[in-house]
Amino acid sequence: MKGETETISDAKIDTTPVQAAMDHAIASGAETGLQVCAYHRGRKVIDLWGGIADPATGRKVESDTLFNVYSVTKALTATALHIQAERGLVDYDAPIAQYWPEFAAHGKERATVRDGLTHRAGVPQMPAGVTPEMMCDWDAMVDAIAALEPLATPGEKTLYQSMTFGWIIGEIVRRSDPAQRSFRQFVLDEIAAPLGLSDLWLGIPDEAEPRVAVMTNRNAGDPLPDGTSLYIQSMPLAVALVPEVFSRPDVRRAAIPGVGGIFSARDEARFWAMLAEGGELDGVRFLSPERVASFSAPRSNSEEPDPVMFGVPIPISAGGYWLGGHRVTSDRAIWHPGAGGSIGWADPDNRLAVAICHNRMFNTRDPAQDPILPITRAIGVALGLERTVA
């Protein structure tokens, strides 16, 4: 295990609990490689990594190893939209079609930006016949999503937009950008560059390829839901969130804004730190404190069962992030999980930001079997923080 320990108010932080939890996860075989980074009160205080990035070659995880984070990407995409709202370029209550006229097709004209953010736009399903090649073509995807018929009247039902979220929100950002940049370039210019981030990628450059960790899927043999289920419609098998698809060179190089992020924990944690600090980090302000505070409010109908997720309510905040729960340090923390267990969050109560990246995917139904959970709890122990309950 390697890492760095920094200071808070001239006092050394004992990262031993975090390192022990990581060591146990790797030694037990529950994890293969890990990076854990945390910011507290705007300062990086935990920066640890260990394990194997590529089991076939024995390549080790290093501080700059990159990881697929899947739906953690949605938090970055939502934040890009909030930046446009901060600038007065997007109105949450305006129809999506005000910015993207084609989206009005088939009765979607009343779907608002807020509906898109909170998974109530009515189009969780991916376009029929979608392929990895199509998923890599931004224009083809947004055209096909605009042409979808809603599965429910927009604004009236929660239907988790497993993959479509990214293109819906990303295209609103692109259409509202006076410079008409690609969404990938917008993120690089407006989030990554001002924060000094070199490894927060929506489409990696060729030179980053050797640093990407090899993903394995612990749940590869699990039975699949029925092919007609809303779950499978939202993530069709042809483009499923599995290594066989997301290790493809073309997929790694594409801007897939709902599930395609490839990050280092260092850069991801710094992104979350900006939110944990109320929209400003190291003198650079992105969002107002009031706007960031609003993200910790639950969306309307927050307890509504989500048919895409087998009737389980998804704790989405008014800002489009996930909100609270046992995996994070406060009921007001905004966060996002990624398929297979990745996680990142911003806790405004404790001014804490955390990113945990890994390369052995798993989906657990029992918190006792979650190897990430002891790590998140160890971070609280290391920093002397008790979980904040609203």
Worksheet item: Tell me, which residue of the stretch 81-99 that is surrounded by fewer than 24 Cβ atoms within 10 Å (Cβ to Cβ) and within 18 Å of the chain's Cα centre (by Cα) is nearest to G155 (Cα to Cα)?
Response: L81
Worksheet item: Of all residues in the stretch 328-341, which are in contact with a helix residue (DSSP H, G or I) (Cβ under 8 Å, 6 or more places away or on another chain) and assigned to a loop (DSSP other than H, G, I, E, B)?
Response: V328, T329, G338, G341
Item to complete: Could you list all residues from the stretch 325-358 that are polar (S, T, N, Q), crowded, with 24+ Cβ neighbours inside 10 Å and out of contact with any Lys or Arg (no Cβ under 8 Å at 6 or more places or on another chain)?
Response: S342
Worksheet item: Of the residues A255, A208, A220, which single one is touching a strand residue (DSSP E or B) at 6+ places or on another chain (Cβ under 7 Å) and either of a type in the set (G, A, S) or more than 30 Å from S302 (Cβ to Cβ) (or both)?
Response: A208
Discussion item. Can you find, within the stretch 196-228, the residue that is farthest from H358 (Cα to Cα) among those that are touching a residue at least 60 places away in the same chain (Cβ under 8 Å) and hydroxyl-bearing (S, T, Y)?
Written reply: S198
Practice prompt. Being of a type outside the set (D, E, K, R), assigned to a loop (DSSP other than H, G, I, E, B) and closer than 21 Å to P243 by Cα is the filter here, so list the residues in the stretch 342-372 that pass it.
Written response: S342, N359, F362, N363, T364, P371
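One line per residue, one yes/no per condition, for (1) under 30 Å from D250 (Cβ atoms); (2) modelled with pLDDT of 95 or more; (3) under 23 Å from the mean Cα position of the chain (by Cα):
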position	(1), (2), (3)
P101	yes, yes, no
E109	no, yes, no
L117	yes, yes, yes
P124	yes, yes, yes
V130	yes, yes, yes
M134	yes, yes, yes
D137	yes, yes, yes
D143	yes, yes, no
Worksheet item: Identify, please: which residue in the stretch 232-277 is more than 14 Å from the chain's Cα centre (by Cα) and of a type in the set (S, T, N, Q) and is, among those, nearest to A220 (Cα to Cα)?
Response: S247
Discussion item. Condition check: within 22 Å of the chain's Cα centre (by Cα), surrounded by 22 or more Cβ atoms within 10 Å (Cβ to Cβ), farther than 30 Å from G319 by Cβ and at pLDDT 95 or above. Does V69 satisfy that?
Written reply: no
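Would you list the helices (runs of 4 or more DSSP H) that sit entirely within the stretch 231-316 and hold 1 or more residues that are among the aromatic types (F, W, Y) and under 16 Å from S71 (Cβ atoms)? Show your work before the answer.
On the way: elements: 243-246, 249-252, 265-276, 289-294.
Hits in the stretch 231-316: 243-246, 265-276.
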Worksheet item: If you take the residues in the stretch 292-324 that are charged (D, E, K, R) and surrounded by fewer than 18 Cβ atoms within 10 Å (Cβ to Cβ), which one is farthest from I379 (Cα to Cα)?
Response: E304
Item to complete: For L148, indicate whether it is buried (at least 16 other Cβ atoms within 10 Å of the Cβ), aliphatic (A, V, I, L, M), in a loop (DSSP other than H, G, I, E, B) and over 20 Å from the mean Cα position of the chain (by Cα).
Response: yes
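Every residue, every condition in (1) touching a residue at least 40 places away in the same chain (Cβ under 8 Å); (2) among the aliphatic types (A, V, I, L, M), yes or no:
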{"residue": "G42", "(1), (2)": "yes, no"}
{"residue": "V45", "(1), (2)": "yes, yes"}
{"residue": "G50", "(1), (2)": "yes, no"}
{"residue": "P55", "(1), (2)": "yes, no"}
{"residue": "K60", "(1), (2)": "no, no"}
{"residue": "T65", "(1), (2)": "yes, no"}
{"residue": "V69", "(1), (2)": "yes, yes"}
{"residue": "V72", "(1), (2)": "yes, yes"}
{"residue": "A80", "(1), (2)": "yes, yes"}
Worksheet item: Which residue pairs have Cβ atoms under 6 Å apart, sit 6 or more places apart or on different chains, and have a first residue in the stretch 159-187 that is among the small types (G, A, S) and a second that is part of a loop (DSSP other than H, G, I, E, B)?
Response: S162/M235; G166/P257; G166/G258; G170/P257; S176/L89; S176/V90; S176/Y99
Fill in: When residues of the stretch 359-390 are limited to those that are surrounded by fewer than 17 Cβ atoms within 10 Å (Cβ to Cβ) and of a type in the set (D, E), the one nearest to M163 (Cα to Cα)
D366
Worksheet entry | The listed residue being at pLDDT 95 or above and loosely packed, with under 15 Cβ neighbours inside 10 Å, out of D282, D267, D222 | D282
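Kindly indicate which of L197, L188 is in contact with a helix residue (DSSP H, G or I) (Cβ under 7 Å, 6 or more places away or on another chain) and farther than 29 Å from Y231 by Cα.
On the way: L188 fails: in contact with a helix residue (DSSP H, G or I) (Cβ under 7 Å, 6 or more places away or on another chain).
Every option except L197 fails the conditions.
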Worksheet, complete the sentence: Filter the stretch 184-205 for residues that are in a loop (DSSP other than H, G, I, E, B) and among the small types (G, A, S); the one that is nearest to the chain's Cα centre (by Cα) is G203
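The values are calculated or read from the model by the stated rules, or taken from the named source; none is laboratory data. Because the structure is predicted, anything quoted here is derived from the model rather than measured. In this analysis, Cβ positions are derived from the backbone assuming ideal geometry, glycine residues included, and neighbour counts consider all displayed protein chains.
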